[in-house]
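What follows is a short report on a single structure.
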Amino acid sequence: MIHMLTAYTEEVDDVDDGIAELLGQINLGSLKKNSVGLVTCHSDFTNSSFVSELSKKLPFDIIGMTTIASANQHGKGMFSLSLAVLTSNDIVFETAMAKSLEPANCYDKVKAAYSEAAKKLPSEPSMVLTFFPYIDDISGTQMQKNFDEICGGIPFWGSLASSPDVQTGHWFVFRNGDIDSKGLAMILLHGQVNPEFIVISLPTENIQKTRGRITGSDGCCLREIDGIPVLKYLENIGITFQKEVPVAIPLMVYYEGSAEPVALAIYAINDDRSLMCAGEVPVGATVTIGEITVESTLDSTAECMERVRKTGKRGGALFLPCITRYIMLTPIHDREMSLVIEKMEDGRFMPFFMAYSGGEICPVKDRIGELQNRFHNFSFIACVF
């Protein structure tokens, strides 16, 4: 069984004061046999010595990423650092990090880091928590697909880093004092973890009922639906795109055998009028269009919280909503965080940890109940212990 402790600070200028505030919110004397930490923070904390000094003060490993905003029962905000401590007598944790990833070395480096960590466990890991880098030349989907192959398909849950700074080189992943804009960090868990994974993208009423079947695609490139060029098909159902304008319409993909859709962003309209999507769009899958609004964002958050409460689990919950949701709530960005704090009863119902994601990684069940690792956009994902 896993129990979770959390801490929060906005003190970045005085490192000693900030770390003292964090340590004052968790009782290190209550830690069980095995512990590990997850950290999300504003990039100011990685640009200073804060993260490195924090890792020296804690009697366990940490992994983390930068984010645009984070929250737990101790606070919420953009200029913040949140810490979640997972502690257990019967679950074993092992951390690792692959650094300086490039397209040519990404697979081999991640495999080596994973294999080295797995060797230190009593036997095979049962799941993985991970933070991926946001790299222009390596898509989140490709990293997710590679990681799925490397870990043999066991469930893994996590996020791409995000940041208030739009320059992707300023979005960081770290393990203890190692901080890298092109690093991938992971926690391998061994034992009977039995987490509940929840993915909420949009309420049903915000998803068009009309579905088409993909008849032409190449990886993440969508070319044809129902035998019709994709842009023409979308025009026929009332959806038009402009090449120079960013697309903020979720593509809802029903993978063959999957019970629920996966929401994907449309990154670009290619010169050949195909669409470059954030995730794989295989021939045979069915697709439709969703609508993301302030109301649908908050409704889906409330739905996720209800599903979390119904799991019957109370050890702790990790939440990673998409950064787009934070932006959609302009000018009151913290409404989603406030709703989560309210539904979790300021942590009295369950300790929780929340940060905004540059791309969500969460398993979903297929029609026979088997978990399949997937990459998501626009979604709110949860891992409940």
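Within the stretch 109-164, if we keep just the residues that are β-branched (Val, Ile, Thr) and closer than 23 Å to GLU370 by Cβ, the residue that is surrounded by the most Cβ atoms within 10 Å (Cβ to Cβ) turns out to be THR130. Return yes or no: is THR288 among the hydroxyl-bearing types (Ser, Thr, Tyr), touching a strand residue (DSSP E or B) at 6+ places or on another chain (Cβ under 7 Å) and over 30 Å from LEU231 (Cβ atoms)? Taking the combined requirement at face value, the residue does not satisfy it. Between ILE19, ILE62, ILE68, the distinction of being touching a Pro at 6+ places or on another chain (Cβ under 7 Å), in the same structural domain as MET337 (by TED's automatic domain parsing) and within 25 Å of PRO164 (Cβ to Cβ) belongs to ILE68 only. Contact map, the stretch 289-301: residues that are in contact (Cβ under 8 Å) with a residue 24 or more places away in the chain paired with residues that are in a helix (DSSP H, G or I) and charged (D, E, K, R), Cβ distance under 6 Å, separation 6+ or inter-chain. Pairs shown: THR297/ARG325; THR301/GLU336.
Of the residues making up the stretch 313-335, those that are closer than 15 Å to SER82 by Cβ and crowded, with 20+ Cβ neighbours inside 10 Å are GLY316, ALA317, LEU318, PHE319, LEU320, PRO321, TYR326.
Mind checking whether some residue in the stretch 134-143 is under 16 Å from ILE361 (Cα atoms), modelled with pLDDT of 95 or more, out of contact with any helix residue (DSSP H, G or I) (no Cβ under 9 Å at 6 or more places or on another chain) and not polar (S, T, N, Q)? Taking every residue of the stretch 134-143 in turn, none turns out to be under 16 Å from ILE361 (Cα atoms), modelled with pLDDT of 95 or more, out of contact with any helix residue (DSSP H, G or I) (no Cβ under 9 Å at 6 or more places or on another chain) and not polar (S, T, N, Q). Evaluated against (1) surrounded by fewer than 21 Cβ atoms within 10 Å (Cβ to Cβ); (2) modelled with pLDDT of 90 or more; (3) more than 20 Å from the chain's Cα centre (by Cα); (4) closer than 30 Å to SER163 by Cα, LYS310 falls short on exactly one condition, (4).
The number of residues in the stretch 253-270 that are small (Gly, Ala, Ser) and either crowded, with 20+ Cβ neighbours inside 10 Å or in the same structural domain as THR324 (by TED's automatic domain parsing) (or both) comes to 2.
Does GLY279 satisfy the criteria of being surrounded by 15 or more Cβ atoms within 10 Å (Cβ to Cβ), touching a helix residue (DSSP H, G or I) at 6+ places or on another chain (Cβ under 6 Å) and part of a loop (DSSP other than H, G, I, E, B)? Judged against the criteria, GLY279 is a match. Collect the residues in the stretch 313-349 that are touching a strand residue (DSSP E or B) at 6+ places or on another chain (Cβ under 9 Å) and at positive phi, keeping them in residue-number order. Matches in the stretch 313-349: GLY316, GLY347.
Looking at this structure, is ALA104 loosely packed, with under 15 Cβ neighbours inside 10 Å, in the same structural domain as TYR8 (by TED's automatic domain parsing) and among the aliphatic types (A, V, I, L, M)? So ALA104 fits the description; yes. Restricting GLY212, GLY153, GLY191 to those that are assigned by TED's automatic domain parsing to the domain that holds ALA317 and more than 22 Å from the chain's Cα centre (by Cα) reduces the list to GLY191. Inspect all residues belonging to the stretch 59-68 and state whether any of them is assigned to a loop (DSSP other than H, G, I, E, B), closer than 30 Å to SER338 by Cα, among the small types (Gly, Ala, Ser) and within 20 Å of the chain's Cα centre (by Cα). So far as the stretch 59-68 goes, no, none of its residues is assigned to a loop (DSSP other than H, G, I, E, B), closer than 30 Å to SER338 by Cα, among the small types (Gly, Ala, Ser) and within 20 Å of the chain's Cα centre (by Cα).
Counting the residues of the stretch 17-34 that are surrounded by fewer than 19 Cβ atoms within 10 Å (Cβ to Cβ) and part of a strand (DSSP E or B) gives 0. Of all the residues in the stretch 290-307, those that are of a type in the set (A, V, I, L, M, F, W, C), surrounded by 19 or more Cβ atoms within 10 Å (Cβ to Cβ) and at pLDDT below 95 number 1.
Would the stretch 178-189 turn up any residue that is part of a strand (DSSP E or B), more than 30 Å from SER115 (Cα to Cα) and modelled with pLDDT of 90 or more? Before you say what the answer is, go through the steps one by one.
Restricting attention to the stretch 178-189, the residues satisfying the condition of being part of a strand (DSSP E or B) are 178-180, 184-189.
Imposing the further condition that a residue be more than 30 Å from SER115 (Cα to Cα) reduces the set to none.
For the stretch 178-189, residues part of a strand (DSSP E or B), more than 30 Å from SER115 (Cα to Cα) and modelled with pLDDT of 90 or more: absent.
The values are calculated or read from the model by the stated rules, or taken from the named source; none is laboratory data. Since the model is a prediction, treat every value here as computed from it, not as a measurement. Please note: Cβ atoms are built from the backbone with ideal geometry, for glycine as well, and neighbour counts cover all protein chains shown.
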